[in-house]
1. For the stretch 290-318, give me each residue that is surrounded by fewer than 17 Cβ atoms within 10 Å (Cβ to Cβ), within 19 Å of K238 (Cα to Cα), in contact (Cβ under 8 Å) with a residue 40 or more places away in the chain and of a type in the set (K, R).
2. When residues of the stretch 288-311 are filtered for being modelled with pLDDT of 95 or more, basic (K, R) and touching a strand residue (DSSP E or B) at 6+ places or on another chain (Cβ under 8 Å), how many remain?
3. Looking at N68, is it assigned to a loop (DSSP other than H, G, I, E, B) and free of Cβ contacts under 8 Å to residues at least 40 places away in the same chain?
4. Within the stretch 271-300, how many residues are among the aromatic types (F, W, Y) and in a loop (DSSP other than H, G, I, E, B)?
5. Test each condition in (1) at pLDDT 95 or above; (2) among the charged types (D, E, K, R); (3) out of contact with any Pro (no Cβ under 6 Å at 6 or more places or on another chain) for E253 and report the one that comes out false.
6. What's the number of the only condition in (1) surrounded by fewer than 17 Cβ atoms within 10 Å (Cβ to Cβ); (2) within 24 Å of I248 (Cα to Cα); (3) among the acidic types (D, E); (4) touching a helix residue (DSSP H, G or I) at 6+ places or on another chain (Cβ under 9 Å) that E114 fails to meet?
7. Can you tell me which residue among E135, E165, E147 is assigned to a loop (DSSP other than H, G, I, E, B), under 21 Å from R221 (Cβ atoms) and either charged (D, E, K, R) or touching a strand residue (DSSP E or B) at 6+ places or on another chain (Cβ under 7 Å) (or both)?
8. Kindly provide the set of residues from the stretch 113-149 that are in contact (Cβ under 8 Å) with a residue 12 or more places away in the chain, over 19 Å from N80 (Cα atoms) and not β-branched (V, I, T), ordered by number.
Amino acid sequence: MKTYLVTGGAGFMGSNFIRSIIKEKGNKVINVDNLTYAGSLSTIKDLLSNKNHIFIKSDISNIKKIRNILKKFKPDYVVNFAAETHVDRSIDNPDIFIKTNILAFFNFINNVKEFWSKIKKKKQKFRFILVSTDEVYGSLKSGKASEEYPIWSSSPYSASKSSAEQIALSYYRTFKLPIIISRSSNNYGPYQFPEKLIPLSIINALNEKKINIYGNGLQIRNWIHVDDNNNAIIEIIKKGKLSNIYNIGHNNEITNVKIVKYICYILNEVLPRKNKKNYTNLINFVKDRPGHDIRYAQSIKKIKKETSWKPNINLKNGLKQTIFWYLENKEWWKEIIKNKYSGKRLGQIDKK
């Protein structure tokens, strides 16, 4: 039996990762989450009754509690999803991003290093995976960023993630802690907190509200379904090289306005509006985000070469699956909108 310690496992990416690995017979998951605004027990409701899943509420910065969890469960793999992740929130409140993504992460990796130094002879294949982001590359005018591309962070969020990466790499070079870093492109899929573009656009459309798009909507992003992303992380746990960074993405580049229009076209097909108007009529262009990156694009040649992974879910099919999930799980997102996020705009310096 392999034991995974997954932090941030009651959030979007972490909970879906747990669903992916717990399907494999013999895997046990220790799910550690502090249940801040983006984490919820309702997100892992289906996992709580699974005998191979243990949930523990804790902040990753809690040195004593994390030390006891590591000592008790002796994980084979540690996968860190725990982080503040929304660029807009990092504009409104950079402090919490520095505290969580850098300072709390430091306490956590230091705890893991102490644990690993005692068990490394018994668990030679131990791995620490830091889940990071393609946003550390900043905006690209042309081409695609390989893993050697310079870091050029544009937001407090991406700066905090690149800082965590440097801490992790230093712990390999100094202490030989067996770390691997994934840099994921924009994820979408079930259980994504409704502050992000795709779920917010879906929910606003269903509620007959304006679908806001920043600036001219021509910012280019690379989108990957969360299941494809998590399968990639599983592959780098098995086959990735220590101290290496792996880009995870899909071979698509699409503007924000186009992806919102895709959502509208799908909804026109599966759930026409009562007034018979097109959902695209709800699109509303608003003042752009400060420091908004124009284009993200990353090369996935390395992970495809070194593992057997490749993305399998194309964007249109993935969007359709995601829309059906939000249609079928209204209770989940309605509870969030009522108690945790009203849908209001975040990340404005000038709020007039």
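1. K301
2. The qualifying residues number 2.
3. Taking the combined requirement at face value, the residue does not satisfy it.
4. 1
5. E253 satisfies all of (1) at pLDDT 95 or above; (2) among the charged types (D, E, K, R); (3) out of contact with any Pro (no Cβ under 6 Å at 6 or more places or on another chain) except (1).
6. Answer for E114: the failing condition is (2).
7. E147
8. Those that are in contact (Cβ under 8 Å) with a residue 12 or more places away in the chain, over 19 Å from N80 (Cα atoms) and not β-branched (V, I, T): Y137, G138, S139, L140, K141, G143, K144, A145, S146, E147, Y149.
The values are calculated or read from the model by the stated rules, or taken from the named source; none is laboratory data. Since the model is a prediction, treat every value here as computed from it, not as a measurement. With ideal geometry, Cβ positions are generated from the backbone for all residues, glycine too; neighbour counts draw on all protein chains shown.
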